[in-house]
Every structure is written in structure tokens, then in C-alpha cells.
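Read the structure below first, then the notes.
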Amino acid sequence: HSLELARRGFDVTGADINKEFLLMCEEDRKKFNFSNCRFIERDMRTLAVHNEFDLVINMFYSFGFFDTDQENERVVRNFCNALKPNGKFLMHTHVTFPRLVSGKLKNSQIRQLKSGSFLKLVRRYNPQTKREDGVWEVLNKNNQSVQLTPYSVRLYTPEEFRRLCLAAGFKKVSFFGSWDGQSYSDESEEMIVLALKAHQ
């Protein structure tokens, strides 16, 4: 996403805690000669940036993986602090709370990868913790199995996420169910949140 935004002319800072991902991105940045893009190694929980960006983007199911609600709340506060007054925060997830708990989102899926291997996804929702717990397993052509590190992600309802954003310092929070601007509903296949930072 950072590289595509840079290709479109935006000045972009991409942040991740994973050094391998950052190295891959940096190689692509050099290949395309994007001077308007940089990558930094950061933990979202300790991001210490203030009034620097016009927009913060958190894409594709990458929010809520920390152990406690307090850590996730700290992340949203850090995002808000990083924005200039009237800056915007965009968050996207393709796993919505209603579709998961209703069973419309399958608890088990198998996807074929470009390599010819298969990726098996198994997930379950824990109503006590409000978390989705899951395991990814790669099955190669020789029917050998490699289990990836299990994950657990906190799922937030729109009401919970609105409260989280307002407490962090955002003044307006809007929800969409698709990239073409449709309103969010329990039938939406994804949730897109746009939060506006209060003017200071």
C-alpha cells in the first residue's frame, strides 16, 4: 500500500515491526526509484510521533492483535498523536464481527497459493474474550504440513471502535461497508473506519 501511494505521488512513511517485510519493501522502493517513500521499524504501541502526518492508514486486518484492550487503545492514541490537526485515520478490516459470529464468515477455509501449495485457515470466535483465535497451516505439493504461529485478534464492534477513537482524541468517526462509500451494516463484508482528529 505504501508503494502504491508513493507511485501516485504521495509522500509516504511505511512503518512495521517486521524487519524482513521492511527489507522487501525497501528493495522494491529502490527498484521503482521512489524518493517520496521511506520505511521505518516501529512498534505501534510505542510510536512517538506528534503532529507530523495528514493521514494514517491501517490496512487489511492488522489491528487488534495485542494481548490487551489497553494496548490496542494506546495504538489508536498514537495514531491520533501522529496526525496534524484535522488529520484523518483510515482503518480497514475484512473480518467483521456480525459475519463471524453469525457463521457467514467460514470458520475453515482452504486457499491455493501461487506456489501450488495450499493454505488452510481455521478460526473460532471466543465470546468471553471477544477475540478470534486462529491457526494457518501450509500444505505443500508433497502433502507435508507446516503450521504457522497461532494468532489471536480482538474484534471490535462499530460502537466499541467509535468509543475508542473518541477517547483517543478524534472528533468524528464514520463507518463504511465498501470502498465505494456504501454505509456499513451487519451484512457488510468489510468495515472501513474514517476518523477525523479534533482541531487543536
Quiz item: If only Cα atoms are counted, what is the Rg of the chain, and what is its Dmax, in Å?
Solution: 18.2, 60
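Which of rounded, prolate, oblate describes the range 125-181, given a ≥ b ≥ c as roots of the alpha-carbon gyration tensor eigenvalues and a/c under 1.5 marking rounded, otherwise prolate only if a/b is larger than b/c?
Prolate shape, in that a/c is at least 1.5 and a/b is the bigger ratio.
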Quiz item: Of S152, L90, S183, which is farthest along the charge dipole of the chain in the positive direction, counting Lys and Arg as +1 and Asp and Glu as -1 at C-beta?
Solution: S183
Quiz prompt | the chain, accessible surface, carbon-and-sulfur percent (1.4 angstrom probe) | solution = 51 percent
Quiz prompt | Pairs from K30/K114; K84/K172; K30/K84 whose Cα-Cα separation, in the structure shown, is over 21 Å | solution = K30/K114; K30/K84
Quiz prompt | In Hz, Karplus ³J(HN,Hα) per residue of the range 43-56 (6.51, -1.76, 1.60; θ = phi - 60°; x = Gly, Pro) | solution = 9, 4, 6, 10, 5, 10, 10, 9, 6, 10, 10, 7, 8, 10
Quiz prompt | Total formal charge among the other residues, if their Cβ is under 13 angstrom from that of N18, Lys/Arg +1 and Asp/Glu -1 | solution = -3
Quiz item: Using all Cα-Cα distances in the range 1-89, what percent lands in each 5 angstrom bin from 0 up to the longest?
Solution: 3, 13, 22, 24, 20, 12, 4, 1
Self-check item: Dipole magnitude of the chain, debye to nearest 20 (Cβ charges: Lys/Arg +1, Asp/Glu -1, about Cα centre)
Solution: 140 debye
Quiz prompt | Estimated 222 nm signal from helices in the chain, with DSSP H stretches of n ≥ 4 weighted -39500 (n - 2.57), rounded to 500 | solution = -7500 deg cm²/dmol
Quiz item: When Lys and Arg each count +1 and Asp and Glu each count -1, what net charge do the other residues less than 13 Å away from W136, Cβ to Cβ, add up to?
Solution: 0
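The values are calculated or read from the model by the stated rules, or taken from the named source; none is laboratory data. Since this is a predicted model, take the numbers as computed values, not measurements. With ideal geometry, Cβ positions are generated from the backbone for all residues, glycine too; neighbour counts draw on all protein chains shown. What goes into the accessible areas is simple: the full protein's heavy atoms, side chains included, and nothing from ligands, DNA or RNA. Shrake-Rupley method; radii C 1.70, N 1.55, O 1.52, S 1.80 Å.
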